[in-house]
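Throughout, read-outs are computed from the coordinates displayed, never taken from laboratory work. Being a predicted model, the structure only gives us computed values, none of them experimental. Note: ideal-geometry Cβ built from the backbone for every residue, glycine included; neighbour counts use all protein chains shown.
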Amino acid sequence: MKPLSIYLHIPFCVSKCAYCDFVSYKATFAHSVEDYMTHVIQEIELYHKTLKDSEIKTIYFGGGTPSSVDAKWIGRLVQAIKTHSVLASDCEITIEVNPGTLTNDKINQYLAAGVNRVSMGLQTTNDTLLKTIGRIHTTNDFIVTYQALRDAGFNNINLDLMFGLPGQTIEDIYHAIDLIQTLNPEHVSAYGLKLEEGTPMYEAYNKGLIQLVDEALEREMYHTIDTELAKRKIYAYELSNFAKPGFESKHNLVYWRNKPYLGLGVSAHSKLNGIRFGNAMTLKTYQEKIDQGEKPIVSEEIIDTEDDCFETIILGLRLNEGINILDLNNLYAINFKEKYRDVLSTLIMEELILLEDETVKLTALGRDLANRVFLAFYPDK
C-alpha cells in the first residue's frame, strides 16, 4: 500500500482574523455546516479507489477553525476515511483549535475519534495585540483551554506564535516565551506576519492606519524565538517550526519532503501521481460538483520532472536537516553537484549554504535569506 496524507479543510470560524486570507465563513447556521460536512464525506467516497490502495500516515483538520463546529463531524470524517482505507498504527491526527471554541465535551469527542495532536493559536500574549489582529480570545482564555487539553490527556500540542505584528515589541516576544516555558508544549510554530491582499490588515496598512515593524526588529524577534526556545529544548527543525525531539509534525514533513497528499474540502489542494490539483474555491461550486457525482476539482497541473526537482530542493532546504544529494540523484536521475555546480559555488562563497558530504543545508545567514537561496535553484527554461 502507498503512504498517503490527508488534509481536510473546515472553513468555518466564529469570526475571521484580520490577517487571514484563507477560504472561511462565519459558522452562523448549523444547517450550512451539516450540509458542507455531508459533502466532504461524499468527496471522500469519490476517492475510494485512491484510498483503498493507500495507508494513511497523517490526517490534518485545518481551516477556518475546526473546533468551531460540532465535534461529531470530526469523528464522522475520520470514520469515513477508515471505511475506504487503512490508518497506519502510528497515524498522526491533528486538529486546529482556538480558545473560545472548545469545550470539555468537544475535547473528549476528539480523543474518541482518534485525534492525537492539537494545534492552537496563541499568536501573542499581548491582549491588546490580540484584539488588533482580530482574535476572539485573551491570554487567560488560552491558558484555560490549554490546561483542559492537558487534563484530558493530550500529550502532543503545538502552539502558533506570530511576530512582526504592528506595535509588537521584543518584550512581547520574551513574555510569550515565558508562557511557553510554563506551559511546556511539544511543538511551536512561529510565523512572521504577511499582509495578504484583500484582508482588513492589508487595507489598514494601505490607508496608513497601522505600521509594520522594521526588518531589523522582525529578524531580532525571529532570532530571539529561535535562541530562547532552544534553551528550553524546543529546537528548530524547519524555518518556522520548533519541536522537542520526536515531536516534529509528521503531516507538515510530508509537504517539506514533497511527498503525496490529498486535500479534501472547499479550496483544498492535492499532489498525487505527479499531478497538482485544486478544489473549487466557493461552497456553491464545491457542493454542486459533488452533487453531480464529480470530484470538485477546478484546476489541474501535470508537474514536470524539473519543476518537481526544484520543489524538492527548496522545500527540503527549509528543513534543518537539509537535502540528501544521493536521494535527489536517485529520484531525478541527475548529478546534483554537476547540475548545480555554479549555483553551489556561489552560495557557498556567500556563506548561505553548507555542503557536507552528501548533504546541503542552509547556514544561519541562509535561513535569513532563504528566498534568495531558493531562487538560485530556479529552473532556467
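Numerical summary
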item: Backbone HN-Hα couplings from phi across the range 79-87 [Karplus 6.51/-1.76/1.60, Hz, Gly and Pro as x]; result: 5, 4, 5, 4, 4, 10, 8, 10, 8
item: Three-way shape call for the range 114-245 based on the alpha-carbon gyration tensor, with the a/c threshold at 1.5; result: prolate
item: GLU215-SER89 FRET efficiency (beta carbon distance; Förster radius 51 Å; 0.05 resolution); result: 0.65
item: Alpha-carbon gyration tensor eigenvalues x 5, square-rooted, for the chain, Å; result: 32, 29, 21
item: Count, lysine Cα pairs under 22 Å in the range 172-279, 8 or more residues apart or across chains; result: 7
item: Within-14-Å neighbourhood charge of ILE74 [Cβ basis; K, R +1; D, E -1]; result: +1
item: ³J(HN,Hα) computed for each position of the range 263-274 - Karplus, 6.51 cos²θ - 1.76 cosθ + 1.60, integer Hz, glycine/proline x; result: x, 10, x, 4, 6, 6, 10, 9, 9, 9, 6, x
item: Residues with amide H under 5 Å from that of GLN123, placed H, sequence gap 5 or more; result: ASP160, LEU161, MET162
item: Close Lys-Lys pairs in the range 33-83, where close means Cα under 16 Å and separation is 8 or more or interchain; result: 4
item: Normalised contact order of the chain, rounded percent, pairs of Cα under 8 Å and 6 or more residues apart; result: 15
item: Computed helical MRE - 222 nm, the chain, DSSP H runs ≥ 4 contributing -39500 (n - 2.57), nearest 500; result: -12500 deg cm²/dmol
item: Built amide H within the under 5 Å cut-off of ILE353, gap 5+; result: ILE348, THR363
item: Antiparallel bridge percentage (DSSP; both residues within the chain; nearest 5); result: 40
item: Length added when fully stretched, SER240-LEU355, from 0.36 nm per residue minus Cα-Cα; result: 39.2 nm
item: Per DSSP, loop trypsin sites (Lys or Arg not before Pro) in the range 127-199 with at most 12 further Cβ within 10 Å; result: LYS194
item: Ranking of GLU215, GLU350, GLU238 by count of other Cβ atoms within 10 Å, fewest first; result: GLU215, GLU350, GLU238
item: Built amide H within the under 5 Å cut-off of SER54, gap 5+; result: LYS2, VAL86
item: Spherically averaged projected area in nm², based on the convex hull that wraps the Cα atoms of the range 129-201; result: 5.4
item: Spatial separation of Cα centroids for the range 125-175 and the range 283-351, in angstrom; result: 33
